[in-house]
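Contents: one structure, followed by commentary.
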Amino acid sequence: MFELHLPWLELAILTPFIGAVFVCRVRDPELAWRRAIVFTFTALCFTVGEWQDFNSLHTFEAHDHWDFVTPIMGPDAIVVDELSAPLIPLAALLFFLVTLTTMKTKSRRFPFAWNLVSLSLLLALLSCREPWGIIALLSAQVIPPWFELRARGRSTRVFTSHMLLCSGLLIAGWLILPAASPMMKNLAIGMLSLAVLIRSGVAPLHCWMTDLFENASLGTALLFVAPMSGAYAAVRLVLPVSPEWALQCIALLSLTTAVYAAGMALVQYEARRFFCYLFLSHASLVLVGLEVATPIGLTGGLCVWLSVGMSLAGLGLTLRALEARSGRLSLADYHGLYEHMPSLAVFFLLTGLASIGFPGTVGFIGAELLLESAVAVSPLVGVLVVLAAALNSIAVLQAYFKLFTGTQHTTSISIKARWRERFAMLILSALILGGGLIPQPGVASRYHAATEIIARLKFRESIPEQTPPSVNIHEVAVRATSH
């Protein structure tokens with residue numbers, strides 16, 4: 001197997017974990033914030049180095065140089081492939097931007113140390129293909145938000161019950177899966193699928209997500225859901241072992257959730273709940289694309305995964321900045337904030353439009369591919385995808401008008417965006433517009449990853465006892481056919 005030139009993945013995973021040790025002992029909130037920025041930025045640099053190094057190798061997967069984990073835990077414990085290569089730096093970027101834009105007034109209550117632990121666990125999860133490692137890391141990811149809920153004196157019952165059920169189903173399902181009996185095998189696949197649906201917040205198993213947004217800090221809730229760990233578990237655990245009926249069930253439930261959540265986002269009177277349902281709708285559309293399991297559908301799902309990660313993270317950062325100045329925001333009234341914070345208003349509109357696939361933004365091509373694959377499955381499925389997108393569009397515009405127009409907001413102090421917020425807006429805007437105006441590299445990368453994943457699934461079905469080679473199977477097959 002190919003090797004990166006440096007141990008990028010191990011460095012990226014260890015850096016925030018070491019940072020958490022240094023930050024947890026600090027009593028001064030500003031010093032903790034500064035240290036957290038340093039460690040999240042360092043981790044981001046390592047992940048960007050991993051991405052560039054991996055792209056230079058022109059292979060499907062690669063290990064770290066001086067890899068000391070593989071001899072102990074196996075070849076799939078820490079590895080980067082075409083699916084995870086861009087997801088790892090995107091996750092690190094989101095954590096860095098959330099840390100950077102944390103206001104001084106909120107830094108006393110924001111758990112920087114737990115935030116670094118979450119980053120370390122997330123990077124380890126996105127670098128792991130070993131099923132038991134993925135299950136363990138998915139379960140461990142629950143710990144930091146749980147401690148924050150406890151520290152804020154909020155009830156953890158809903159969050160704990162759903163996450164325990166999810167972990168229990170993953171463990172039981174993977175234990176039963178090797179059984180020879182077809183009935184037990186189908187039971188195991190059903191358990192794994194149900195666990196993924198819970199973690200992804202598919203209705204009616206979504207109430208843990210609204211509870212988390214209601215009771216945790218917005219930054220913690222955003223960072224827990226935005227990387228879409230449930231979708232990652234679906235690709236790594238469910239997609240390789242599930243028959244067509246299981247994938248169709250997940251896609252059908254996800255499509256229903258996408259329409260339902262879009263409708264709910266439209267009628268919310270509280271900004272956090274609006275964002276939560278908007279995210280649920282888009283995350284469900286990602287699952288629809290992933291479970292269609294065709295090259296176009298999978299490419300669309302992977303593109304929407306990246307675009308939603310950037311655009312809705314930006315939208316969440318904007319709401320977080322507004323909350324830091326005005327407290328919890330109600331959508332029942334007009335706030336008229338545009339005059340005081342025009343840059344945040346423009347960024348809110350840009351990220352909202354990017355999330356719904358507006359032309360010229362990073363979400364456009366992914367949304368088109370997703371719609372094309374949905375219509376190919378059934379015209380009715382295509383209609384439902386369009387309906388979800390239309391409802392999300394109306395919800396975003398309605399929220400924009402409620403927050404930034406309609407009245408004159410009076411205040412005695414300046415509430416303009418700070419330089420840190422402008423910097424975060426600039427970075428995300430460049431990615432959103434750059435990915436929309438020059439989409440070819442990103443789409444080609446996602447299409448290649450999709451075809452390679454499908455080719456490897458077929459390889460495993462034909463020769464289950466043999467591990468697929470690290471070279472690009474799809475390219476080898478195409479070249480063989482052309483000759």
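The values are calculated or read from the model by the stated rules, or taken from the named source; none is laboratory data. Note that the structure is a prediction, hence the values are computed from the model and not measured. Because the Cβ atoms are built from the backbone with ideal geometry, glycine has one as well, and the counts that use them run over all protein chains shown. With ligands, DNA and RNA removed, areas are computed over all heavy atoms of the protein, side chains included. Shrake-Rupley method; radii C 1.70, N 1.55, O 1.52, S 1.80 Å.
Taken about its Cα centre, segment 243-460 carries a charge dipole of about 560 debye when Lys and Arg each add +1 at the Cβ and Asp and Glu each add -1 at the Cβ. Heavy-atom accessible area, probed at 1.4 angstrom with all protein chains present, ranks HIS58, HIS340 as HIS58, HIS340, highest first. Per-residue ellipticity at 222 nm computed for the chain from its helices equals -24000 deg cm²/dmol, with DSSP H segments shorter than 4 residues left out and the rest contributing -39,500 (n - 2.57). Of the solvent-accessible surface of segment 260-398, computed with a 1.4 Å probe over protein heavy atoms with every protein chain present, carbon and sulfur atoms account for 71 percent. Rolling a 1.4 angstrom probe over the protein heavy atoms with all chains in place gives segment 151-242 an accessible area of 35 Å² per residue.
For P(r) over Cα pairs in 20 Å bins from 0, in percent, the value calculated from this model appears in (1) 16, 31, 31, 19, 3, 0; (2) 20, 41, 24, 11, 3, 0; (3) 24, 60, 15, 0 under label (3).
Here the spin labels are modelled as points 7 Å beyond Cα on the Cα-Cβ line, and at ILE143 and TRP245 they lie 3.9 nm apart.
Enumerate the whole-percent occupancy of each 5 Å bin, from 0 to the last occupied one, for all C-alpha pair distances of segment 243-460. Pair shares across the bins are 1, 8, 15, 18, 17, 14, 11, 7, 4, 2, 1, 0, 0, 0. Ligands, DNA and RNA are left out, and with a 1.4 angstrom probe the accessible area of segment 243-460 is 39 Å² per residue. Sequentially through segment 392-407, phi angles give Karplus couplings (6.51, -1.76, 1.60; θ = phi - 60°) of 4, 4, 5, 5, 5, 5, 4, 5, 4, 5, 5, 7, 10, 10, x, 7 Hz, Gly and Pro residues having no value and appearing as x.
Convex hull volume per residue, computed on the Cα atoms of segment 265-305, equals 51 Å³. A compact globular protein would have a Cα radius of gyration near 2.2 N^0.38 Å; the ratio found for segment 151-242 is 1.19. The accessible surface of segment 38-147, taken with every protein chain in place and a 1.4 Å probe, is 71 percent carbon and sulfur. Computed from label points 7 Å out along Cα-Cβ, the spacing between LEU426 and GLU368 is 3.1 nm. Taking a probe of 1.4 angstrom, what is the accessible area of GLU372 in Å², to the nearest 10? That residue has around 110 Å² of solvent-accessible surface. If you take all other residues with their beta carbon under 14 Å from the beta carbon of MET73, and give Lys and Arg +1 and Asp and Glu -1, the sum is -4. Carbon-plus-sulfur accessible fraction, segment 151-242 (probe radius 1.4 Å, protein heavy atoms only): 69%.
Solvent-accessible area per residue in segment 1-129 equals 42 Å², computed with a 1.4 angstrom probe and all protein chains kept. Projecting the Cα atoms of PHE39, ILE134, ILE72 onto the charge dipole of segment 1-156 (Cβ charges, centred on the Cα centre) puts PHE39 farthest toward the positive pole. Ratio of Rg to Rh for segment 33-180: 1.02 [Cα atoms; Kirkwood radius as inverse mean 1/r over pairs].
Taken over segment 227-288, the percentage of Cα pairs per 5 Å bin, counting from 0 up to the bin with the maximum distance, is 4, 20, 24, 21, 14, 10, 5, 2, 0. A P(r) calculated from all alpha carbon pairs of segment 246-358, with 10 Å bins opening at zero, reads 14, 41, 29, 13, 3, 0 percent.
Candidate cross-link partners of LYS458 among the lysines, defined by an alpha-carbon separation under 20 Å and a same-chain spacing of 8 or more, comprise LYS185. Close amide H pairs (under 5 Å, H built 1.01 Å from N) link GLU270 with LEU331, residues at least 5 positions away or on another chain. In order along segment 169-177, phi translates into HN-Hα couplings of 5, 5, 5, 5, x, 6, 5, 7, 3 Hz, rounded to whole numbers, per the Karplus curve 6.51 cos²θ - 1.76 cosθ + 1.60 with θ = phi - 60° and x for Gly and Pro. Diffusion of segment 1-41 by Stokes-Einstein, at 4 °C in a medium of 1.567 mPa s and with Rh set to the Kirkwood radius over alpha-carbon pairs, works out to 114 µm²/s.
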